[in-house]
Amino acid sequence: HSPSPESPEAKALGHFANGETNGWTTQGLVRNILGEVVEQDGHLQLAAGALSNEHHEGNFAAVRSPTFLLDKDSIVVRARGKQATVRLIIDNFQLIQNPIYGELELHLDNEEYADLLFPVGPWLGHKAYLEVHTGQYDRHHLHITEKSSFALQWAQDFDQERPKLPSVEEATAHPAEALDRWENGKATGGDIVLLNQLLEKQPISHKVREIARESGASGQVVDSLLFQGVVEGDAVFSPIFLRGSHMSLADTAESHRFLSAVGSGDMSIPQVGSGRLAFAEALVHPENPLTARVMVNRIWHHLFGRGLVETVDNFGLQGKAPTHPALLDHLAIRFMESGWSIKDLIRYILLSETFQRSTKASADPNDVDPLNLYLRHYPIRRLEAESIRDGILATSGSLELTMFGPSIPIHLDEFLRGRGRPPASGPLDGKGRRSIYQAIPRNFLPPMMLTFDMPAPFSTFGRRNISNVPAQSLTLMNSPFVLQESERWAAGLLSREASFDDRVSIVYHTAFGREANSAERNEAKQFFSNQADVYGEKGLSAIDDGRIWRDYLHTIFMMKEFIFLI
């Protein structure tokens, strides 16, 4: 005896014999093929119910079950397909690695329907959903061929004996009524069984062919725009972890709602679907004061080196109080009223008198604000690691401003060795691309960037560490990258017809955005005189010596003014 779909031993997770989707969601061109005309070995037949993208091969399509609790030892899925995949997603996480998790992702490459088995005993009590989609994965890359297709009849979980899910109930309708319903796209699973029986015994094939030719009888077509991203899920309600422990759950599951400690007004969350969209709308609701304040504070932090709330990741009781609460409120309200435009807010702050103040501090020993919390002067700030590298490239004339494209492999020197080392090294200058386009392998981080406090890419950092240590000066002195860019800058400078004084002026305008003063010009002349002795050069020939210019420009890169906003 096989257990029925409603028995304690087994239950149907999805059964599509009657043209229903049973709560499964679809993406792409997916239809229920109940009643579709198929011909095999010259024999005409109407397809039993199944979710399928057949006749739309080569496009991405997927069907996903509602989320369910794993309370049976096994799951069986009946499906067929070409270059398609059936996988079980547990706790919203794709477990794909062999040998432990290999059985949770199975490939479809079969002409006839077959039963695919998922043993799920180790994950009893966890939440999961089934997914069938075109294409097959090579690690995390999905490859879809022109033949990629699938058809899914049913899915069921069970304990002990594998069930055999019945297709449909026997039909009692009159053949003419069944044929009429099929012609009008309203056939039931029982109608299809009856018509297929008649196709084997009675000469109605010509009528079926005629109807199929005229109407192209097919099931429901669900169309959607395709993009790589997150798809909507079903509603899942979870209990509270008492005192934060996943081993101690509340007795009842909680409904979807916004954080009760934040905001007021109408920010209700619907109890259907995942609730992601409603949650996003609540985050930016005018009655929610937190989101805009946090964003405004982070922008202020990046412009001044310190936020109005210094603990940019913590606005709670353990964080610091704002130095200018009224200003924080003003900027947050303006930010929302301007359409949440970051560019508009940055422009507004940069045009303020506060941002344009000098960095010269007060010499008064009785200054009531020695930490400059109230911004009597603009705080002196060191540039971030990425800005220092990009500034060196821009100053030397090597910066490539092309946007987008693949990441540039990291340059691997002799010290970056160990397990997982990338197979090939990128160029020393990263092809001149901005730092945002440089690949960052987590186990092989660029030494120069780490020296200037680039955070390790293992978690988020709202506020970076800021240090001023000898290793930074030594890096600028000895880095092959800095030496190479000094040489390139010198070559570009010498390619221009200009006097020595004019070249010094060009250097200061390029590096610091200002004119060199008389003391700096004298220092440049003295430097050239000293280096001429080192290289054995005399007179005017020293002025055009690329080696001396390289050394001089190298000292410009090592000046504090180059890496600090002064």
Taking the highest mean first, how do the peptides 76-85, 455-464, 390-399, 280-289 order by number of other beta carbon atoms within 10 angstrom per residue? 76-85, 390-399, 280-289, 455-464
Among LEU117, PRO175, PRO379, whose Cα lies farthest out toward the positive end of the dipole of the chain, if unit charges sit on the beta carbon of Lys, Arg (+1) and Asp, Glu (-1)? PRO379
Test of understanding: what is the full-extension gain from LEU350 to HIS246, defined as 0.36 nm times their sequence separation minus their Cα-Cα distance? 32.7 nm
Using only Cα atoms, tell me the angle between helix 385-396 and the longest principal axis of the chain; keep it within 0 to 90° and round to the nearest 10. 60 degrees
1/(1 + (r/R0)^6) with r = Cβ-Cβ of SER505 and ASN530, R0 = 25 Å, i.e. FRET efficiency to nearest 0.05, evaluates to 0.75
Starting from the residue with the highest accessible area, list LYS127, LYS343 in decreasing order, probe 1.4 Å. LYS343, LYS127
Label-point gap, in nm, between ARG419 and ASN196 - each point 7 angstrom along Cα→Cβ: 5.4 nm
Förster radius 25 Å - calculated FRET efficiency between SER238 and VAL284 (Cβ-Cβ, nearest 0.05): 0.55
From highest to lowest solvent-accessible area (probe 1.4 Å; ligands, DNA and RNA excluded), HIS174, HIS377 read HIS174, HIS377
Tell me the mean residue ellipticity at 222 nm calculated for the chain from its helices only (DSSP H runs of n ≥ 4, each -39500 (n - 2.57), averaged over every residue, nearest 500). -9000 deg cm²/dmol
Nearest-ten-degree value, helix 290-304 long axis tilted from longest Cα axis of the chain: 30 degrees
Could you order the peptides 152-161, 361-370, 49-58, 322-331 from most to least packed, using the average number of other C-beta atoms within 10 Å per residue? 49-58, 152-161, 322-331, 361-370
Heads up, I need the accessible area for HIS141: 1.4 angstrom probe, whole protein in place, Å², nearest 10. 120 Å²
At 1.4 Å probe size, what's the solvent-accessible area of LYS538? Round to the nearest 10 Å². 150 Å²
Spin-label model distance (nm) - ASP73 vs ALA261, 7 Å beyond Cα toward Cβ: 4.6 nm
I'd like the orientation of helix 325-337 relative to the chain: the angle between its Cα long axis and the longest Cα principal axis, in ° from 0 to 90, rounded to 10. 50 degrees
Could you state the accessible area per residue of the chain in Å², with a 1.4 Å probe and every protein chain left in place? 57 Å²
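The values are calculated or read from the model by the stated rules, or taken from the named source; none is laboratory data. Note that the structure is a prediction, hence the values are computed from the model and not measured. Ideal geometry is used to build each Cβ from the backbone, glycine not excepted, and the neighbour counts take in all protein chains shown. For accessibility, only protein heavy atoms count, side chains too; no ligands or nucleic acids. Shrake-Rupley method; radii C 1.70, N 1.55, O 1.52, S 1.80 Å.
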